[in-house]
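S.K.: A single structure is presented below for examination.
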Amino acid sequence: MKATLIKICAGLVAVLLIVILALPSLLHKAGLHPEYTGQKYTISSGKKALVIGTNHGILNAPGETTGDPTGIQISELSHPYYTFLDAGMSVDVGSINGGEIPIDPQTLSRMIISPLDKRYLDDPSLQAKMRNSIPIGDIDFSQYDTVFLAGGWGAAYDLGYSVELGSKISEAYYSEKTIIGGVCHGVLGLIKALDKNGGLLIAGRNMTGVTDKQITELGITLTPMHPESELRKAGVIFESKTAFRDIFATHVTVDLEQRFVTGQNQNSGLEAAHKILELLANQ
């Protein structure tokens, strides 16, 4: 009897280990961080990209100053950064205040880390750029061919509140060349951008961002801004895809003017960046 129980326990442990080892692959097959299989573009030399991240590193409720560590969802920066870099563009990294862009430690966990996230871990150049990001006040957004707003929970605390970021987005838009992108919570950085008449620049445009459904499913509703809600308030024609859990969904939207490219969530940054390259290649 004892020997039988030992065999059963050993078998259960073996099954558990197999499941743990296979889980990253299973999550990928379910829809997490899908590979990009579309056409890839090489951009002529001299083109420049700017990727913006958050400075906020605490998942705190309103009125509180403590909480779990958070920051950027690393794939929402690494995916566009390396896509632009590998296409031949020079890429700068900025943030609202400059300095460190914190990384949500959970996004580097074995279960969900992507190949481009692993590339970041072996890239001293990008690591230095994220430790010493450029303050947006020192950046002329209109000099970039694309500006991309990365997300993560931290972005809910600063990107959507920055009047200066909104002004910079407007400047980039009226340069008439810059393609503006964003993914997940990063799209909150668009809500304070104004047009020449003082109206909201994004009103009436087709866009996407992380859904209220995904935020509820993840159980992290304490952040002060939720992209779907804020985009709808701003008059956006909101688009999204859904799944049995929206963390496995993905969607990319290009507005009719082809000046804004937005991605739904952590799965969408790669496709959004490649779509931007397509638009740049056809300018």
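The values are calculated or read from the model by the stated rules, or taken from the named source; none is laboratory data. Just so we're clear, the structure is a prediction, and the values are computed from it rather than from any experiment. With ideal geometry, Cβ positions are generated from the backbone for all residues, glycine too; neighbour counts draw on all protein chains shown.
S.K.: Which residues, counting only those in the range 94-128, are more than 15 Å from the chain's Cα centre (by Cα) and acidic (Asp, Glu)?
M.R.: 100, 122, 123
S.K.: Next question, about the same structure. Could you please find all residues in the range 244-279 being within 12 Å of the chain's Cα centre (by Cα) and acidic (Asp, Glu)?
M.R.: Passing the criteria: only 271.
S.K.: Just the residues that are more than 14 Å from residue 147 (Cβ to Cβ) and either among the hydrophobic types (A, V, I, L, M, F, W, C) or in contact with an Asp or Glu (Cβ under 6 Å, 6 or more places away or on another chain) (or both), please, taken from the range 77-112. Talk me through it step by step, then tell me what you get.
M.R.: If we filter the range 77-112 for residues that are more than 14 Å from residue 147 (Cβ to Cβ), which is where we start, we get 78-79, 82-83, 85-88, 97-112.
Of everything in the range 77-112, those that are more than 14 Å from residue 147 (Cβ to Cβ) and either among the hydrophobic types (A, V, I, L, M, F, W, C) or in contact with an Asp or Glu (Cβ under 6 Å, 6 or more places away or on another chain) (or both) turn out to be 78, 85, 87, 101, 103, 108, 111, 112.
S.K.: Also, I was wondering about something else. Evaluate the range 69-83: report whether one residue or more is closer than 21 Å to residue 119 by Cα, modelled with pLDDT under 95, surrounded by 15 or more Cβ atoms within 10 Å (Cβ to Cβ) and in contact with a helix residue (DSSP H, G or I) (Cβ under 6 Å, 6 or more places away or on another chain). If you could, list the steps in order and put the result at the bottom.
M.R.: First, the residues of the range 69-83 that are closer than 21 Å to residue 119 by Cα: 70-83.
Checking which are modelled with pLDDT under 95 leaves us with none.
No, the conditions are met nowhere in the range 69-83.
S.K.: Quick check on residue 80: is it touching a strand residue (DSSP E or B) at 6+ places or on another chain (Cβ under 7 Å) and farther than 27 Å from residue 164 by Cβ?
M.R.: Values: touching a strand residue (DSSP E or B) at 6+ places or on another chain (Cβ under 7 Å): yes; farther than 27 Å from residue 164 by Cβ: no.
No; evaluated as a whole, the condition is false for this residue.
S.K.: What tally of residues in the range 46-68 results from selecting those that are assigned to a strand (DSSP E or B), over 14 Å from the mean Cα position of the chain (by Cα) and either at pLDDT below 95 or closer than 12 Å to residue 155 by Cα (or both)? Before the answer, list the steps.
M.R.: Kept after step one, since they are assigned to a strand (DSSP E or B), are these residues of the range 46-68: 48-53, 58-59, 68.
Then keep just the ones that are over 14 Å from the mean Cα position of the chain (by Cα); that gives 48-49, 58-59, 68.
Next, from what is left, pick out any that are either at pLDDT below 95 or closer than 12 Å to residue 155 by Cα (or both): 58-59.
Result for the range 46-68: 2.
S.K.: Additional query: Considering each residue of the range 163-179, count those that are aliphatic (A, V, I, L, M) and in contact with a Leu (Cβ under 7 Å, 6 or more places away or on another chain), and give that number.
M.R.: Residues of the range 163-179 that are aliphatic (A, V, I, L, M), as a first pass: 163, 165, 169, 172, 179.
Filter once more, keeping what is in contact with a Leu (Cβ under 7 Å, 6 or more places away or on another chain): 165, 169, 179.
Going through the range 163-179 one residue at a time, the tally reaches 3.
S.K.: When you check residue 236 against the structure, is it within 19 Å of the chain's Cα centre (by Cα), under 28 Å from residue 91 (Cβ atoms) and without any contact (Cβ under 8 Å) to a residue 40 or more places away in the chain, yes or no? Quick ask: steps written out before the conclusion?
M.R.: Details: within 19 Å of the chain's Cα centre (by Cα): yes; under 28 Å from residue 91 (Cβ atoms): yes; without any contact (Cβ under 8 Å) to a residue 40 or more places away in the chain: yes.
The answer is yes for residue 236.
S.K.: Please name all residue pairs, on different chains or six or more residues apart, with Cβ atoms under 6 Å, provided the first residue is in the range 130-144 and is farther than 18 Å from residue 81 by Cβ and the second residue is surrounded by 21 or more Cβ atoms within 10 Å (Cβ to Cβ) and of a type in the set (A, V, I, L, M).
M.R.: That search, which allows pairs on different chains as well, returns 142/172.
S.K.: Quick check: anything in the range 24-31 surrounded by 15 or more Cβ atoms within 10 Å (Cβ to Cβ), within 19 Å of the chain's Cα centre (by Cα) and on the phi > 0 side of the Ramachandran plot?
M.R.: Yes, some residue in the range 24-31 is surrounded by 15 or more Cβ atoms within 10 Å (Cβ to Cβ), within 19 Å of the chain's Cα centre (by Cα) and on the phi > 0 side of the Ramachandran plot.
S.K.: Separate question: Any residue at all in the range 29-43 that is modelled with pLDDT under 90 and not in a loop (DSSP other than H, G, I, E, B)?
M.R.: Taking every residue of the range 29-43 in turn, at least one turns out to be modelled with pLDDT under 90 and not in a loop (DSSP other than H, G, I, E, B).
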